[in-house]
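A short write-up of the structure that comes next.
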Amino acid sequence: MLNLLKTFYILYFFVKLLLKILSYFWPITISRYQSQFSGALTVDLINGRKSLNTSNANYSFDSLHRVFQSVLPQYLKIQSETEKILLLGMGAGSVVHIIRKEMNIINPIQCVEIDPIMIEIAQSEFDFNQFKEVDVVINDAALWVNNHSSTYQWIIVDLFIDNIIPEVFCSESFWYSLDKLLTKNGVLITNTITSNENKKDNEMIIASILSALGYDMQSVTMWNVNRVWICKKK
């Protein structure tokens, strides 16, 4: 029995290693999920690392991860352990992973995620439970913002369904409500997309609203697809 168990573990680790090697040549789907919001989701092994994807977009731990890996170390400059971070749109936890494991920031993080399956995937596939001082609320970000009063020094927004920003997050009412949750001299970091299937320029609509709110604004564009706006409140 002991030899059989040992053989099983050897085969398991061999297959795992083989799949990891093969993933450097083409993506390998290892899990499938169905979301009421995003439709079919896959956890894929790409270049030896798991990522969460729709048929059109990466949600966590691939190209999106690299976007925030580029932006957050440059602009998320924590000054005190009392500063709080709000994350709207958690996905499978890419941003939290970067903040906690890559930047070693221990400040409290409030996450708002509409899709319960994302929480399940984050916990079962990406070891999300390892992170402390992270509170996750399952709610529509627009409704949550309207009914919330606590303020934050840092707000990170990554609100997509597939590769499209929902209309509600392109409205003045949403951004004006969110502005009330950002402290003076606080920083808002929001991910937008410069091209998508419906060709609507939601990115510039959002930028114009933020400009009207009086933020000091700059942006980082990656691969001519993602444009991240970094907005400091005066």
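Here are a few things to note about the model shown:
- Across the stretch 63-73, the number of residues qualifying as within 13 Å of the chain's Cα centre (by Cα) and either surrounded by fewer than 20 Cβ atoms within 10 Å (Cβ to Cβ) or not assigned by TED's automatic domain parsing to the domain that holds N163 (or both) comes to 3.
- The set of residues in the stretch 74-108 that are surrounded by fewer than 15 Cβ atoms within 10 Å (Cβ to Cβ) and either under 19 Å from F126 (Cβ atoms) or in contact with a helix residue (DSSP H, G or I) (Cβ under 8 Å, 6 or more places away or on another chain) (or both) comprises K101, E102, M103, N104, I106.
- If the condition is being surrounded by 15 or more Cβ atoms within 10 Å (Cβ to Cβ) and out of contact with any Leu (no Cβ under 9 Å at 6 or more places or on another chain), then the stretch 175-190 contributes S177, G186.
- Under the condition of being crowded, with 17+ Cβ neighbours inside 10 Å and not in a helix (DSSP H, G or I), the residues counted in the stretch 132-161 number 13.
- Those strands (runs of 3 or more DSSP E) of the stretch 34-105 in which at least 2 residues are under 13 Å from D158 (Cα atoms), considering only elements entirely within it, cover 58-60, 85-88.
The values are calculated or read from the model by the stated rules, or taken from the named source; none is laboratory data. Computed from a prediction, not measured in an experiment: that's the story for all the values here. All Cβ positions, even for glycine, are placed from backbone atoms using ideal geometry, and neighbour counts span all protein chains on display.
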